[in-house]
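*Asks:* So that we are looking at the same thing, I have put the structure below in structure tokens.
Every number here is computed from the coordinates shown, using simple stated rules; none is lab data. The structure displayed is predicted, hence computed values, not measured ones. So basically every Cβ, Gly included, is an ideal-geometry build from the backbone, and we count neighbours across all protein chains shown.
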Amino acid sequence: MFNGIIYNTGKIKSIEKNKNSLFIGVQSNLKFNQKEIGSSVCCDGVCLTLTKQKKDIVYFYISNETLKRTNFYLLKKNQIINLEKSILYGQKISGHFIQGHVDTVAEITKLQVIDKTWVIKLELLKKDLVNFLLEKSSISINGVSLTISRVIKNSFEINIIPHTLKLTNIKNLKIKSFVNVELDLFSKYIQKYSA
């Protein structure tokens, strides 16, 4: 479980492509020790298992299921991704509960800068998930806890403040970029049991 408050990013240093999977190496200032091998790390919104560590590079295996549901099939060397370790019991939750189970990918269709705030419009690739979008509800974009500011048909808008831009890879996004989206956990359960 994560809370979407990002303080660290990593750079993709290696990508080993197999027929239906990837094995990636990520360089980061985020410190890990050998006891954390096997632990969960949120990588651009995706819960991955730390499989190996060598100096400042950590390694993750990406399965075919993850490739089908996320934007990881587009990964490139030197790409910057957001990183977050699992939260600890009793830790302050500044964002919202994020599982790292990506629901779909969204495409950025509009990007506008108002003063120092980025207003980003995104369109979900899975249209059947539109019912889960609600103004002022939480949403995870590349693992960052954000708030939906507006819903327009199959699209929604988010506002990104300068502090978030400084600490995350959102500042590298542009129109036609694809991002990983995890809908609010509570909205999914409420929708499931009220249907």
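*Asks:* Arrange the following residues from fewest to most other Cβ atoms within 10 Å of their Cβ: Tyr89, Tyr61, Tyr189.
*Replies:* Tyr89, Tyr189, Tyr61
*Asks:* Another question, then. If the chain between Lys76 and Thr51 were fully stretched, how many nm would it gain, using 0.36 nm times the residue separation less the Cα-Cα distance? Working shown, then result.
*Replies:* Values: separation 25, 0.36 × 25 = 9.00 nm, distance 1.99 nm.
So the extension gain works out to 7.0 nm.
*Asks:* While we're here: Compute the signed sum of charges (Lys and Arg +1, Asp and Glu -1) over the other residues within less than 13 Å, Cβ to Cβ, of Ile12.
*Replies:* Net charge around Ile12: +3.
*Asks:* For labels at Gln27 and Lys68 in the simple 7 Å Cα→Cβ model, what's the distance in nm?
*Replies:* 3.5 nm
*Asks:* Do the sum for the chain: with -39,500 (n - 2.57) for every DSSP H run of n ≥ 4, divided by all residues, what is the mean residue ellipticity at 222 nm, to the nearest 500 deg cm²/dmol?
*Replies:* Working: 3 runs with 22 residues, N = 195.
Result for the chain, helices only: -3000 deg cm²/dmol.
*Asks:* Can you tell me the Rg and Dmax of region 8-85, counting just the alpha carbons, in angstroms?
*Replies:* 11.3, 31
*Asks:* Report, as a whole number in µm² per second, the diffusion coefficient that Stokes-Einstein gives for region 63-195 at 20 °C and 1.002 mPa s using the Kirkwood radius over alpha carbon pairs.
*Replies:* After rounding, the answer is 138 µm²/s.
*Asks:* Assuming a ≥ b ≥ c are the square roots of the Cα gyration tensor eigenvalues, decide whether region 77-129 counts as rounded (a/c under 1.5), prolate (otherwise, with a/b larger than b/c) or oblate.
*Replies:* Verdict is prolate for region 77-129.
*Asks:* Of the listed pairs Lys35/Lys92; Lys76/Lys110; Lys11/Lys127; Lys35/Lys55; Lys17/Lys166; Lys116/Lys171, which have alpha-carbon separations greater than 20 Å here? Mind dumping the intermediate values first?
*Replies:* On the way: Lys35/Lys92 23 Å; Lys76/Lys110 23 Å; Lys11/Lys127 31 Å; Lys35/Lys55 14 Å; Lys17/Lys166 31 Å; Lys116/Lys171 12 Å.
Beyond 20 Å: Lys35/Lys92; Lys76/Lys110; Lys11/Lys127; Lys17/Lys166.
*Asks:* If each of Lys17 and Lys171 carries a label point 7 Å out from its Cα toward its Cβ, how far apart are those two points in nm?
*Replies:* The two pseudo-label positions are separated by 3.1 nm.
*Asks:* Then there is this: Can you put Asp128, Asp56 in order of Cβ neighbours within 10 angstrom, beginning with the fewest?
*Replies:* If I rank by nearby Cβ atoms, fewest first, I get Asp128, Asp56.
*Asks:* Next question, about the same structure. Rounding to the nearest 10 and keeping the result within 0 to 90°, find how far the Cα-based axis of helix 185-194 lies from the longest principal axis of the chain.
*Replies:* Rounded to the nearest ten degrees, it is 50.
*Asks:* What's the extension gain from Glu135 to Tyr61 if we count 0.36 nm per residue and subtract their Cα-Cα distance? Don't jump to the answer; show the numbers that get you there.
*Replies:* Working: separation 74, 0.36 × 74 = 26.64 nm, distance 3.50 nm.
Length difference between fully extended and current span is 23.1 nm.
*Asks:* Here's something else I'd like to know. Using Cα centres only, tell me the gap between region 161-182 and region 62-131 in whole Å.
*Replies:* Going from one Cα centre to the other spans 9 Å.
*Asks:* Compute log10 of I(q)/I(0) for region 116-192 with the Debye formula, placing one identical point scatterer on every Cα and leaving out solvent, at q = 0.18, 0.19, 0.24 Å⁻¹, to two decimals.
*Replies:* -0.71, -0.79, -1.24
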